[in-house]
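Report on the following structure.
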Amino acid sequence: MMTVNVILPLAIADTYTYRIPDGMSCPEPGMRVLVPLGRKTITGLVYRINPENSDASVIQNIRLRDIIEVLDEQPIVLPSQLSLWRWMADYYLCTLGEVMAAALPARLLDNDYTARTEVYISLDPQYTDAEQLQPVFDALQRRAPKQLRLLEYFLDLSGVFDGTPHPVEQRQLIEQSGESTAVLRTLIEKHILCASHEVVSRIPSYDTDVEPAHPLTPQQQRAAKEIQSGFADGKVCLLHGVTSSGKTEVYIHLIRQMLDQGKQVLYLVPEIALTTQLTDRLKKVFGKQLGVYHSRFSDMERVEIYRDLLGSPEPKVLLSARSGVFLPFRNLGLVIVDEEHDPSYKQQDPSPRYHARSVALIMAKAAEASVLLGTATPAIESYYNAQTGKYRLVEMSERYAGLSLPRITLVDLKRQYHRKEMYEHFADPLVSRIREQLAQGKQIIIFQNRRGYAPYISCRKCGYVPKCCNCDVSLTYHKRTNSLICHYCGYTVDAPATCPSCGGEWRDIGIGTEKIEDEASTLFPEARIARMDMDTTRNKNSHQRLINAFARHDIDILIGTQMVTKGLHFNDVSLVAVLNADSMMQSPDFRSSERAFQMLEQVAGRAGRTGSQGEVVIQSFSPDNPLYIYLQQHDYAGFYAAQLKERQAFRFPPFYRLIVLTIKHRDFSRLDTAARELSERLHAAFGARCSGVIIPPVSRVQNMHLRTIRLRIEADASFARAKAIVMQHVAYVQSMPNCRGTIIQPDVDPM
Ligand code: ADP
Ligand code: ZN
C-alpha cells in the first residue's frame with residue numbers, strides 16, 4: 001500500500017499520513033489533495049510519497065484514512081521550494097504547515113482563486129464594415145439619440161474606421177460616452193453590438209519602452225567587476241557603499257547581465273522601501289521583465305504573480321519584500337538583498353520567525369545562484385563574515401557625481417536647556433539652520449522615532465498614568481484624535497479631560513511626531529509641513545502620496561519616524577534634523593547601538609543627494625558618546641570594531657547564536673511554574689548558556705503574561721543538536737499537568 005505525507009496548514013504536527021486508495025493515480029509532491037481531518041475535509045499539500053513496503057508505509061498502514069481527491073495535474077510547489085520549507089521548519093523550530101501558511105497566498109491553497117474577467121464589446125458579426133451600418137444610423141438618429149451617441153463612441157474607440165477593429169472594454173465605453181449600461185444593453189439586444197467575457201490579468205503590466213541603463217562610473221564599474229569575480233569564486237558578496245554611491249545602478253547592471261544569460265533574479269527590499277520611486281526606476285530599464293510582489297497587492301494578484309513564475313522559466317526580475325523568498329523560481333541566477341541590515345527582514349509574528357537574508361542564502365545555494373548583499377551600514381554579522389573571508393567585501397566610498405557625504409553637527413541639549421536657548425524641543429542653532437534653508441527654498445527632514453503626541457500623560461496632582469487594560473504599558477496620547485492608544489495591542493479610548501482618579505490636570509511627557517509637528521508649525525508658520533508615520537500612512541496609497549508630494553516639493557518640512565530613513569531620494573533636501581538621538585540608545589537590547597548608528601547614518605543619507613553638501617543636525621544630551629564621533633566621520637569600520645569587541649565580551653552574535661523562548665499564559669501562576677521549570681531544565685542541560693527566567697520590559701500583552709529565557713550557543717557548536725535538546729524540554733514542560741495551556745514560542749536568531 002502506498003502512503004503519502006501531507007502538509008496541512010496547522011501548527012500541530014509536521015506532516016500527516018494518508019493512504020492512496022486503490023484506483024487513484026499517485027499524486028506528486030507539491031500537488032494539492034483533499035483529505036479528511038476529524039469530521040472535516042481540508043486541503044493539504046503532498047510532501048512525500050512513501051512507496052509500497054517502505055518503512056513509513058508499513059509502520060503506519062493501520063487505520064490510515066484515504067485521500068479524497070487529488071486537486072492538481074501539475075505541482076503548484078516545486079521540489080526546490082519543498083526543501084527550502086523543510087530547512088525553514090527545522091531551523092526556525094516550527095512545522096511545515098506553518099511555513100506553508102506563510103509561503104502560499106491563501107487562495108492558492110484553498111483553490112478559490114477566480115480569474116478576473118472583463119466584459120468586452122464588439123460589433124455584431126453580421127456587420128463586416130462600417131458602411132453596412134448606414135441603415136442603423138438612420139434608424140437611431142430619428143428615434144434613439146442616446147443609442148446613437150453610444151454607438152458613435154464605440155466606433156471611435158474600437159478603431160473600426162481606421163481598419164484596426166478591436167473589442168472595447170465595457171467599462172471604458174460607459175465611462176467615456178457617459179451613457180448608461182441600459183442603453184448599451186438595448187444595442188446588444190438589437191444585435192448591433194455584442195458582449196463577451198474575457199480573462200484579464202491582475203498583474204500590473206510594465207509593458208513600456210525600455211531605456212538603456214545609465215553607464216556605470218569608474219567606481220561602480222570596479223565594484224561590479226569585483227562582485228562578478230566574487231560570484232565566479234562561489235562567494236556571497238557584500239557591497240558596502242555609502243548612501244547615494246549608486247548601489248542601485250550596480251544592481252541594475254548585474255540584473256541586466258543575468259537576464260541576458262536567460263536567468264531569473266530575486267531583488268529583495270524592505271517592505272517600506274517598495275515605493276513607486278524604485279519601481280519606476282526599474283520599470284524604465286527592465287519593462288516587461290520586471291515583476292513586483294507586494295503585501296499591498298490583493299491575494300488574487302499575488303496568486304497570479306505566483307502562477308506566472310511557476311509556469312515559466314523565462315528571465316525575469318522580481319522585486320519583493322521578504323516574502324519573495326517563497327516564490328517558485330525555476331531558473332534563479334541571482335538574489336539581491338538590498339539594505340541587508342534592515343530589521344524588517346526578520347518576521348516577528350507569526351511563526352515562522354525567519355530572517356529573509358538567511359533564507360535567501362539557503363535558497364540561492366540550492367539553486368546554485370549568486371547572492372549580493374548591499375547596504376551603507378552592514379549588519380555586524382554580515383561585516384564580520386566579510387572580514388573573516390566568508391563573504392567577499394566590495395566597497396564604494398564615494399557618492400555619485402563627486403558629492404560629499406553630509407556634514408554632521410551635534411547640539412548639546414544640556415547646555416541649550418541650561419542657557420534657556422531652546423524653543424520647546426528645538427535648540428536655537430537648529431531653528432536658525434532651518435530658517436536659513438527655508439529661505440533658500442530647500443527642504444528639511446525632521447526625524448523623531450516616536451509617533452503620537454506624547455508617549456504618555458500623567459496627572460499633575462496625583463501622578464496617575466493611564467495604562468492599557470490588556471497590556472502592561474502606558475497609553476500613548478494622540479492629540480489629533482484626542483485619544484489614548486496602546487501601541488502594543490491597538491486598544492483605544494477617548495482621552496479623559498481630567499484625571500479620573502483625582503480630577504487633576506494632565507501633563508504630557510516625552511515627544512512624538514504629532515507634538516513636533518505642532519511645534520514646527522508655530523516656529524515656521526510660512527513652511528508647508530507634513531508628517532509621515534504609521535498614523536498618517538494607514539490608507540492604501542497615503543505613504544506613496546506623501547513621498548510624491550515631498551518629491552514634487554509641495555512640502556517644505558517632512559516630519560517622520562524611521563519611515564523617512566528608508567532608501568528615498570529627494571533632490572532638494574539640504575538638512576536633516578534628529579531631535580532626540582539618545583532615546584534610540586537607551587533600550588537594553590544588545591543591538592540598540594547598531595540600530596541607532598544605522599538609522600542615523602541612513603537618515604543622514606537623505607541629505608544633499610544633489611547639488612551642494614547636505615547637513616545633519618543631531619540634538620543630544622550626551623554629544624560625546626563615541627557613536628556620534630564615528631557617525632561624524634562616517635567611519636563605519638571604526639564603529640564596527642568597537643561593537644565587535646562588546647559583542648565578544650558580552651557573548652553575543654556573531655560569536656554566539658541566540659535562541660529566545662517566549663513563555664505565555666493567561667494564568668500567572670501557571671506561567672510562573674512553566675517558566676521556572678523550563679529554566680531549571682535548560683540550566684541543567686546548558687549551564688551558564690541559559691539566562692534563567694527574564695521578566696521582559698513589557699510583561700503582559702493582550703492579557704497574556706510573558707516571560708522569556710535566552711540561550712546562547714557558541715558559534716562553533718552544533719546549533720542543530722542544541723535546538724533538538726531545547727525542544728525536548730519545551731515539549732516536556734508543555735505536557736506537565738500544572739503547566740497546561742502554556743504557549744512556548746522559540747525565536748531563533750532573534751532581532
Ligand atoms: P544608493 O542606492 O547607493 O543610495 P542610488 O543608486 O540611488 O544610490 O544613486 C543615487 C543617485 O545618483 C540616483 O539619483 C541615481 O540615479 C544617480 N546615479 C548613481 N549612479 C549613476 C550613474 N552611473 N549614472 C547616472 N546616475 C547615477
Ligand atoms: Zn494594549
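A Cβ distance below 7 Å, combined with a sequence gap of six or more or placement on separate chains, defines the contacts here; from the range 272-298, residues that are on the phi > 0 side of the Ramachandran plot reach residues that are surrounded by fewer than 20 Cβ atoms within 10 Å (Cβ to Cβ) and not β-branched (Val, Ile, Thr) in the pairs GLY287/TYR206; GLY287/ASP207. Based on this model, can you work out whether ILE174 counts as over 30 Å from ILE42 (Cα atoms), at pLDDT 85 or above and within 39 Å of the chain's Cα centre (by Cα)? So ILE174 passes the test. Output yes when any residue across the range 361-374 is among the hydroxyl-bearing types (Ser, Thr, Tyr), farther than 25 Å from VAL303 by Cβ and in contact with a Phe, Trp or Tyr (Cβ under 9 Å, 6 or more places away or on another chain), and no when none is. Scanning the range 361-374, I find at least one residue that is among the hydroxyl-bearing types (Ser, Thr, Tyr), farther than 25 Å from VAL303 by Cβ and in contact with a Phe, Trp or Tyr (Cβ under 9 Å, 6 or more places away or on another chain), so the answer is yes.
If you go through the range 693-703 and keep only what is away from ligand 2 (no atom under 11 Å from the Cβ) and among the aliphatic types (A, V, I, L, M), you end up with VAL693, ILE694, ILE695.
Identify, by number, the condition in (1) touching a helix residue (DSSP H, G or I) at 6+ places or on another chain (Cβ under 6 Å); (2) buried (at least 19 other Cβ atoms within 10 Å of the Cβ); (3) not aliphatic (A, V, I, L, M) that ASP299 doesn't meet. Looking at each condition in turn, ASP299 falls short on (2).
I'd like the residue in the range 597-615 that is hydrophobic (A, V, I, L, M, F, W, C) and in a helix (DSSP H, G or I) and, out of all such residues, is surrounded by the fewest Cβ atoms within 10 Å (Cβ to Cβ). Within the range 597-615, the match that is surrounded by the fewest Cβ atoms within 10 Å (Cβ to Cβ) is MET599. Of the candidates GLN728, GLN745, the single residue that is polar (S, T, N, Q) and assigned to a helix (DSSP H, G or I) is GLN728.
When we screen GLU28, GLU73, GLU98 for residues that are assigned to a helix (DSSP H, G or I), closer than 29 Å to LEU309 by Cα and of a type in the set (D, E, K, R), the only hit is GLU98.
Filtering the range 228-249 for residues that are acidic (Asp, Glu) and within 12 Å of ligand 1 (Cβ to nearest atom) leaves a non-empty set. In this structure, is PRO36 farther than 26 Å from LEU310 by Cβ, at pLDDT 90 or above and assigned to a loop (DSSP other than H, G, I, E, B)? Here the answer is no, as PRO36 does not meet what is asked. Checking ARG710, ARG666, ARG670 one by one, the residue that is under 30 Å from TYR491 (Cβ atoms) and touching a Gly at 6+ places or on another chain (Cβ under 7 Å) is ARG670 and no other.
When MET534 is tested against (1) crowded, with 16+ Cβ neighbours inside 10 Å; (2) in contact (Cβ under 8 Å) with a residue 60 or more places away in the chain; (3) within 16 Å of ligand 2 (Cβ to nearest atom), only condition (1) is not met. Applying the condition of being of a type in the set (S, T, N, Q) and in contact with a Phe, Trp or Tyr (Cβ under 8 Å, 6 or more places away or on another chain) to the range 1-26 and asking which residue is surrounded by the most Cβ atoms within 10 Å (Cβ to Cβ) yields THR3.
The set of residues in the range 614-668 being hydroxyl-bearing (Ser, Thr, Tyr), free of Cβ contacts under 8 Å to residues at least 60 places away in the same chain and under 20 Å from PRO750 (Cα atoms) consists of TYR656 alone.
When the range 569-596 is filtered for residues that are under 21 Å from the mean Cα position of the chain (by Cα) and part of a helix (DSSP H, G or I), the ones remaining, listed by number, are SER592, GLU594, ARG595, ALA596. Only one of the numbered conditions (1) touching a Lys or Arg at 6+ places or on another chain (Cβ under 7 Å); (2) at positive phi is not met by VAL303, and that is (2).
Quick grid of which residues meet (1) modelled with pLDDT of 95 or more; (2) of a type in the set (A, V, I, L, M); (3) farther than 22 Å from PRO343 by Cβ:
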site: GLN228; (1), (2), (3): yes, no, yes
site: ASP233; (1), (2), (3): yes, no, yes
site: ILE255; (1), (2), (3): yes, yes, yes
site: LEU259; (1), (2), (3): yes, yes, yes
site: LEU266; (1), (2), (3): yes, yes, no
site: VAL292; (1), (2), (3): no, yes, yes
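Here is a yes/no grid of residues against (1) within 15 Å of ligand 2 (Cβ to nearest atom); (2) touching a helix residue (DSSP H, G or I) at 6+ places or on another chain (Cβ under 8 Å); (3) in contact (Cβ under 8 Å) with a residue 40 or more places away in the chain:
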position	(1), (2), (3)
SER432	no, no, no
GLN443	no, yes, yes
PHE447	no, yes, yes
GLY463	no, no, no
PRO500	no, no, no
GLY504	no, no, yes
ARG507	no, no, yes
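Here is a yes/no grid of residues against (1) under 30 Å from ASP556 (Cβ atoms); (2) within 16 Å of ligand 1 (Cβ to nearest atom); (3) modelled with pLDDT under 95:
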residue	(1), (2), (3)
TYR464	no, no, yes
CYS469	no, no, yes
VAL473	no, no, yes
THR476	yes, no, yes
LYS479	yes, no, yes
SER483	yes, no, yes
HIS487	yes, no, yes
GLU505	no, no, yes
GLU517	yes, no, no
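Residue by residue, here is whether (1) closer than 14 Å to ARG657 by Cα; (2) among the basic types (Lys, Arg); (3) touching a strand residue (DSSP E or B) at 6+ places or on another chain (Cβ under 7 Å) holds:
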residue: SER691; (1), (2), (3): yes, no, yes
residue: VAL701; (1), (2), (3): no, no, no
residue: MET704; (1), (2), (3): no, no, yes
residue: ALA715; (1), (2), (3): yes, no, yes
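Determine if the range 683-703 includes at least one residue that is closer than 25 Å to ASN449 by Cα and either in contact with a Phe, Trp or Tyr (Cβ under 7 Å, 6 or more places away or on another chain) or part of a helix (DSSP H, G or I) (or both). Yes - at least one qualifying residue is present in the range 683-703. For the range 465-497, the candidate set comprises residues that are without any contact (Cβ under 8 Å) to a residue 12 or more places away in the chain and polar (S, T, N, Q); within that set, the residue that is nearest to ligand 2 (Cβ to nearest atom) is THR492. Considering only residues in the range 160-212 that are assigned to a loop (DSSP other than H, G, I, E, B) and crowded, with 16+ Cβ neighbours inside 10 Å, the one that is nearest to ligand 1 (Cβ to nearest atom) turns out to be TYR206. Of all residues in the range 140-165, those that are in contact (Cβ under 8 Å) with a residue 40 or more places away in the chain and under 21 Å from HIS197 (Cβ atoms) total 1.
A single member of ALA641, ALA674, ALA722 is surrounded by fewer than 18 Cβ atoms within 10 Å (Cβ to Cβ), at pLDDT 95 or above, on the phi < 0 side of the Ramachandran plot and assigned to a helix (DSSP H, G or I), and it is ALA641.
The values are calculated or read from the model by the stated rules, or taken from the named source; none is laboratory data. Just so it is clear, the model here is predicted, and its values are computed rather than measured. Cβ coordinates were reconstructed from backbone atoms using ideal geometry, including for glycine residues, and neighbour counts include every protein chain displayed.
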